Structure formats: C-alpha cells, structure tokens
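First up is the structure itself, then whatever we jot down about it.
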Amino acid sequence: MNRRSTGAGRHCRPALFTLRTGLLAMSLLATGLPAQAAPGAQTPAGNGAVWSNEFGLDVVRLSPRVAVFYGDPWDNAIVALATRKGLVVVDAPFTRTIAGAFREAIQAEFKRSDFAFLINTHEHDCHVGGNEAFADVPIVGHASVRREMLADTGRVTKLREVGEREVAKVREALLKRDPKQPEGPGFAAYEKGWRAIQADLRGNPVPVPPTITFEQEMALHLGDVEMRLLYYGHAHGVADTVVSIPGENLVLTGGVFYPTHVPALDALTEPATAAGIDNWFVVMRGLLKEANGETKFLASHGRAVMSKGQYEEFVSYLEGVWNGVRRARSGGRTLDQAKVDIPLKGFPAIAKLPNEQLRGTEWENLDIHGLNIERMWKALDRAPG
C-alpha cells in the first residue's frame, strides 16, 4: 500500500479509469488522452511509507480522522473515518477479495480493527459488490440499495461479462498505441484486479445488502463526529446518496460530479419524477449553504478534490438545464428545439470541460450535455408519484 499525506446491485459504470503507474489505460479508452482535472481542481499528493499490499492500494490522509484509499480497476475512492465508536467505511467495491484488500489497508493505516459501520452510497457493484468483506459489520444504505441488490439475480453474470470485455478492450487499445504497453506493470496490475474479481464471481457469491436502511436522510452519531446521509436518487444510480461529515468539512458527492467532464446523468434519470429531480437541488443547495471555502468535495472515483466553487458550478449547471427543460416543455417546444434553447455554451464554466466520456467503451457518451437534456425531458413524461 502506498501511503500519501496531505494537509488538507448493478454493474458500475466507471467515471474515471486510472492505473497508478502512469499507464492510464482506461483513460485512454475514455478520452484518447490521460484524464485531467478541471481548472482549479486539487489532486491529493505527497510522499510517505510504502507497505506491501496485493493490489497496490494508495492512501491519502485528509486529517487525523479521515483517509481516502484508492484502488483499481476503476480507481475507487474509499473513505474511512476513525471515530470514538469505531471505523466507518464508505462503500465496498466489486467483490470480497477486492473489498477485503481495502479493509486490510484501512486497518493498517489506522492501526485498529473496530469497524462500526459500512455505508453504501448507491447500488452499483463498484460500491456494494464487496459488502461480503464487511458482513460482520452493520451496513447502512438507502432502502433502494437493499431492494436493488436482492432483485438483481443476474448481477454476477453481468459483472463477469463486463470484466472480460473490458480487459480485452483495454489490451486491444494499448496494443494499437504501443505493442509493449500491455507488457508493463500498469496493465498487469489492472488485469490482476479483474482476475481476482472473476475468481470471486466463479464462486457465485450471495449479495450482502444493507442491514440498516433509511428513506430520506439519516444521521450516524459517532461520539466525536457525526455523519449525515442524504438521499437524492435517480441521477447516477437508483439510490444516490451524499455523505456529509460536517466535523471534517468533507462531502462525499457520489457518482454525478467529476472534474474531468461535464456532469453526466445516467439513464436512470428518465424514470425519475419531477419532484425527485427538484429534490436533488434541495439536497445540493443545502450542502452548499453549510460549506465554506475550505470544504472538500470528493467524488466516488478518481483523485481530484473539488472546491465549494466547483461543486456549485456543477449544481448550477444541472439546475439550469432542468429549469430550461421545464420552460421548453411549458412553452410547447420540442426536444430538438429545447436542445437549441439550452446550449452548453450558456454555462461557460462547464463548457470548458470535455463533453464526452468513456469513448470506445460500451458506455461511451459523446454528447453528455445533449443526453442530459433528453433524460430530463423524459423524466417530465412520468406521472407524479
């Protein structure tokens, strides 16, 4: 495990792919170039001790109580909080072996093993697939995480197929770029992660859903610090949940906002209700009201730390698109006309970012902004309730 310090049940669609040796294979597939943070984004960095760890996980300390653990294959950012009542971990990626490596890294970093809670921020496999490694710990998540995990009986097969396709695609892309790249340590580490996942999946693991659920929000009182779980849902996943840790001036934003591209809504937005989308902005504006210039906003993949200003730009963009879509509908405009009425250039801060993601993968989106408009438009076709 590489230690760095700073002062400061569905398969998952990756938001940012990296291989920490500089290969950046999945960023190559996503954009054709190594991923870059948005202007002003911070990237945790520093030097520290190195521990032996099977999957080469990195850890960045944000404070005496908080550390972020990064690991492939999709550079999950797993946050651990050391409290008087025990260690609290946010998300458990992929399968028992991968999440188990994170658990071991957390224990090594904090030199304690009294896990109090695991929190699931949404139902994608790169966040809940490893719950089995924390089966002895109370698991907290929105009620829909539990429902999705228990209902998705084909999850294991789908994730196995995703891994097989992805490794093949990355190898093919790297061979085209440089025939020697797949022979390097970066691709080997990336492939090793997928081999471990596939080995676990061959054992037909049983899902381990949350044992403690909530509907709108929940607070965990942990002695010396409090964590707040705020549901907004149907943006990236069914169960999208923000985790706020006011005592650490830290907000874990989930899977919608990344400083590497225009905020991207998932197809799961389409069945959302108008009231549900309105609630996104109640939650997000509430977080902004509580934040200050030192608040850190962390996405669930990748290493950039967003500032309050960046987060506000992302929220304002989505809110502006939503208001524009509603105006267009009420004014009798068509979807095509709405796209003209709501140009990306109307959001200058966001227009500077790439308007595409995951090029060359099965999830490629070559017009994020246009698709955001379409998905919000379809949400208005859904009856309230």
Would you be able to say whether some residue in the range 139-147 is at pLDDT below 95, aliphatic (A, V, I, L, M) and crowded, with 18+ Cβ neighbours inside 10 Å?
-> no
Expected output for the range 146-170 (first residue among the basic types (Lys, Arg), partner in a helix (DSSP H, G or I) and at pLDDT below 80, Cβ below 8 Å, 6+ apart or cross-chain) is Lys169/Leu29
Given Val251, Val242, which one is crowded, with 24+ Cβ neighbours inside 10 Å, of a type in the set (Val, Ile, Thr), in contact with a strand residue (DSSP E or B) (Cβ under 6 Å, 6 or more places away or on another chain) and at pLDDT 95 or above?
-> Val251
Close pairs (6 angstrom Cβ cut-off, 6 or more residues apart or separate chains): within 11 Å of Ile373 (Cβ to Cβ) in the range 319-336, surrounded by fewer than 19 Cβ atoms within 10 Å (Cβ to Cβ) and of a type in the set (D, E, K, R) anywhere | Ala328/Asp341
Go over the candidates Gly320, Gly309, Gly286 one by one and state the one that is small (Gly, Ala, Ser), within 21 Å of Val242 (Cβ to Cβ) and in contact with a Phe, Trp or Tyr (Cβ under 7 Å, 6 or more places away or on another chain).
-> Gly320
Of the numbered conditions (1) of a type outside the set (A, V, I, L, M); (2) under 22 Å from the mean Cα position of the chain (by Cα); (3) more than 17 Å from Ile78 (Cβ to Cβ), Arg171 satisfies every one except a single condition; which is it?
-> (2)
Leading residue by the ranking (farthest from Leu174 (Cα to Cα)) among those in the range 322-368 that are part of a loop (DSSP other than H, G, I, E, B) and of a type in the set (Val, Ile, Thr) | Thr334
Exactly one of (1) surrounded by fewer than 18 Cβ atoms within 10 Å (Cβ to Cβ); (2) within 21 Å of Ser300 (Cβ to Cβ); (3) at pLDDT below 95; (4) of a type in the set (Val, Ile, Thr) is unmet by Val206. Its number?
-> (2)
Could you please let me know if Val283 is modelled with pLDDT of 95 or more, among the hydrophobic types (A, V, I, L, M, F, W, C) and over 22 Å from Leu353 (Cα atoms)?
-> yes
Restricting attention to the range 63-86, report how many residues are buried (at least 21 other Cβ atoms within 10 Å of the Cβ), at pLDDT 95 or above and farther than 19 Å from Leu118 by Cα.
-> 0
Candidate set: the range 90-149, residues that are acidic (Asp, Glu) and assigned to a helix (DSSP H, G or I); chosen: the one nearest to Val162 (Cα to Cα) | Asp125
Taking the stated definitions as given, is Ala304 at pLDDT below 95 and either out of contact with any His (no Cβ under 7 Å at 6 or more places or on another chain) or surrounded by 18 or more Cβ atoms within 10 Å (Cβ to Cβ) (or both)?
-> yes
State yes or no: is Glu313 assigned to a loop (DSSP other than H, G, I, E, B) and among the charged types (D, E, K, R)?
-> no
Answer yes or no: is there a residue in the range 217-231 that is out of contact with any strand residue (DSSP E or B) (no Cβ under 6 Å at 6 or more places or on another chain) and closer than 26 Å to Thr95 by Cα.
-> no
Within the range 279-289, is there a residue that is crowded, with 19+ Cβ neighbours inside 10 Å, assigned to a strand (DSSP E or B) and touching a Gly at 6+ places or on another chain (Cβ under 9 Å)?
-> no
Per-region count, the range 256-278, residues out of contact with any strand residue (DSSP E or B) (no Cβ under 7 Å at 6 or more places or on another chain) and either among the basic types (Lys, Arg) or assigned to a loop (DSSP other than H, G, I, E, B) (or both) = 10
Residue list for the range 153-164, filter: outside any helix (DSSP H, G or I) and modelled with pLDDT of 80 or more | Gly154
Within the range 294-306, track down each residue that is assigned to a loop (DSSP other than H, G, I, E, B) and either within 20 Å of Ala264 (Cβ to Cβ) or β-branched (Val, Ile, Thr) (or both).
-> Thr295, Ser300, Gly302, Arg303, Ala304
Residues that are within 20 Å of the chain's Cα centre (by Cα) and buried (at least 19 other Cβ atoms within 10 Å of the Cβ), drawn from the range 321-354 = Ile350, Leu353
In the range 202-253, the residues that are acidic (Asp, Glu) and assigned to a helix (DSSP H, G or I) | Glu248
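The values are calculated or read from the model by the stated rules, or taken from the named source; none is laboratory data. All of these numbers come straight from a predicted model, not from anything done at the bench. Backbone-built Cβ (ideal geometry, glycine too); neighbour counts: all protein chains shown.
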